[in-house]
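Below: one structure, written as structure tokens.
Read the figures in this text as sums done on the coordinates, not as results from a lab. Model, not experiment: these values are computed from the prediction. In this analysis, Cβ positions are derived from the backbone assuming ideal geometry, glycine residues included, and neighbour counts consider all displayed protein chains.
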């Protein structure tokens, strides 16, 4: 065991030295892999962020219930009593037409328009916070529509459903992109290892002649492929992190206009680790394919 | 012990390098293989570490049959042999010391132990002072001595040398041959292929004379 570990450690150190000896080539390879991985990774990050927003909104779907203009105080009280008894209604808030107009006056863009109005065109409304899934929500909507003095029922989270579908589409697109660029990573590694085998042709031949096992000869190439993949993954994380920072300045400004502190958040540690492991595995795979193809061609004579 | 019996080696295209070759080399012997170029000396030496396989007949090295040996077993056979090649096969991208360290990397020695052995081998061939230099800066005789150091660092029981004195002046050649004699005296079996008649005349060793792939009587 310690013999096996020592050989791997020695190989790892040797591989690092080799990478350091050709800094330009290493940097170029790592950049290519990094950019290739950064594209789907960035897409994935955006989707993850949008998904969490959609989930937060979808978890507490709101229903706005607009009353008919002729509804009076007693109608409203009766309706409030009915609504409280309905299953699926968690909380209830009444917004009178006066209150609604006051709120509109607060927003600076509309205050001029509202000042020109002679009568209040707004209806009284209830805002219901509901529980349950989308099926329960639809049943509730039908029930509410049947109630007397109800003019209009609006599920405020309908757009969330559309967003969910859109996100689903986005995820598929990212998956396709990721698959394609994973193939690119394997191809880049394949070629790097091929060149490395060619430069070390003499060493491989001498090694075979004086008693190196095939496993010993292959090992540094596997290390090189995996390490290059992992470095590429690290570069991709760096690129996405940097882009996120640049974007966040604009996003925060924008979301403050909507009274929110929304900004993009980065992957957690386990996601980062998974990406590095994935990139290293792809690098290893490329090295494996290249070594199987090219190493047997070097046979001492 | 090395034993050839009825060994034939023919290459694709019908060229017959060795035919009906039978001989034995006991442990601790010093044997010269002579003959003109093309006589089959190199082919004979390549059969022992399984660089080539016999077309027919049996090659036994320390009891192992080379003809039927599995590919995966070959590295372990070669670790017990010291090989000195006609074209030297030194690596010029690393120091003299690292060239000698190479065979020890496969066997998984701890660095300290490996370095100690490598320096001992370099000391034996008189190159310890040059350990940090690149082999390209060494003279022909020194390069050949470096090959010997690399071949013996794993303490093999058999040394095989293909034309070790071919490119050397007579003084360097004599030095190199003396080294082989020294290793032979501590019990290492040594096989040297050469066409240097003067060398053979001087040492009077056991000689296997090859001509057109056959042993001359």
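Relative to the longest principal axis of the Cα atoms of chain A, the long axis of helix A:134-146 lies at roughly 10 degrees. Here the spin labels are modelled as points 7 Å beyond Cα on the Cα-Cβ line, and at residue B:10 and residue A:28 they lie 5.0 nm apart.
Put a dot 7 Å past the Cα of residue A:177, heading toward its Cβ, do the same for residue B:178, and the two dots end up 7.4 nm apart. Relative to the dominant Cα principal axis of chain A, helix A:269-294 is inclined by about 40°.
Dividing the helix sum by the residues of the protein assembly as shown, where each DSSP H run of 4 or more adds -39500 (n - 2.57), gives a mean residue ellipticity at 222 nm of -19000 deg cm²/dmol.
Taking chain B as the reference, fit the longest principal axis to its C-alpha atoms, fit the long axis of helix B:111-124 to the helix C-alpha atoms, and give the angle between the two in degrees, 0 to 90, nearest 10. Taking Cα atoms only, the helix is inclined about 70 degrees. Each part gets one Cα centre, and for the stretch B:15-60 versus the stretch B:61-81 those centres are 15 Å apart. Within 10 Å of the Cβ of each residue in A:197-207, the mean number of Cβ atoms contributed by other protein chains is 3. Percent of C-alpha pairs per 5 Å bin in chain B, short distances first: 1, 7, 15, 19, 20, 16, 12, 7, 3, 0, 0.
Could you give the distance between the Cα centres of the stretch B:125-171 and the stretch A:1-67, to the whole Å? For the stretch B:125-171 versus the stretch A:1-67, the Cα centre distance is 50 Å. Extending 7 Å from Cα along the Cβ direction at residue A:116 and again at residue A:274 yields two label points whose distance is 5.5 nm. Computed on the stretch B:91-155, with alpha-carbon pairs under 8 angstrom and 6+ residues apart, the relative contact order is 49 percent.
Extension gain for residue A:293-residue A:99 works out to 62.2 nm (0.36 nm per residue, less the C-alpha to C-alpha distance). What the Cβ-Cβ distance of residue A:21 and residue A:62 gives, at R0 = 56 Å and to the nearest 0.05, is a FRET efficiency of 0.35.
Using the average count of surrounding beta-carbon atoms within 10 Å as a protection proxy, the listed peptides B:73-82, B:53-62, A:109-118 rank, highest first, as B:73-82, B:53-62, A:109-118. Counted residue by residue at 0.36 nm each, then reduced by the alpha carbon distance between them, the extension gain from residue A:5 to residue A:281 reaches 97.4 nm.
Tell me, what is the FRET efficiency for residue B:94 and residue B:155 to the nearest 0.05, using R0 = 22 angstrom and their Cβ-Cβ distance as r?
About 0.50, to the nearest 0.05.
Inverting the pair-averaged 1/r between distinct Cα atoms of the protein assembly as shown gives 30.1 Å as its Kirkwood hydrodynamic radius. Sorted from longest to shortest, the spans of the Cα atoms of the stretch A:71-184 along the three principal axes equal 68, 41, 19 Å. Plainly put, chain A has a radius of gyration that is 1.26 times its Kirkwood radius, both from alpha-carbon atoms, as the Rg/Rh ratio. Available extension along the chain between residue A:243 and residue A:72 is 56.0 nm, counting 0.36 nm per residue and deducting the alpha carbon span. log10 I(q)/I(0), Debye, Cα-only the stretch B:91-155, no solvent, q = 0.24, 0.27, 0.30 Å⁻¹? Taking Cα atoms of the stretch B:91-155 as identical point scatterers yields -0.95, -1.19, -1.43. Take the Cα of residue B:76, go 7 Å toward its beta carbon, and the backbone nitrogen atoms of the stretch B:45-62 under 18 Å from that spot belong to B:49-51, B:60-62. Under a Gaussian network description of chain A, with springs only between Cα atoms under 10 Å, the residue in A:177, A:237, A:28 that fluctuates furthest is A:28.
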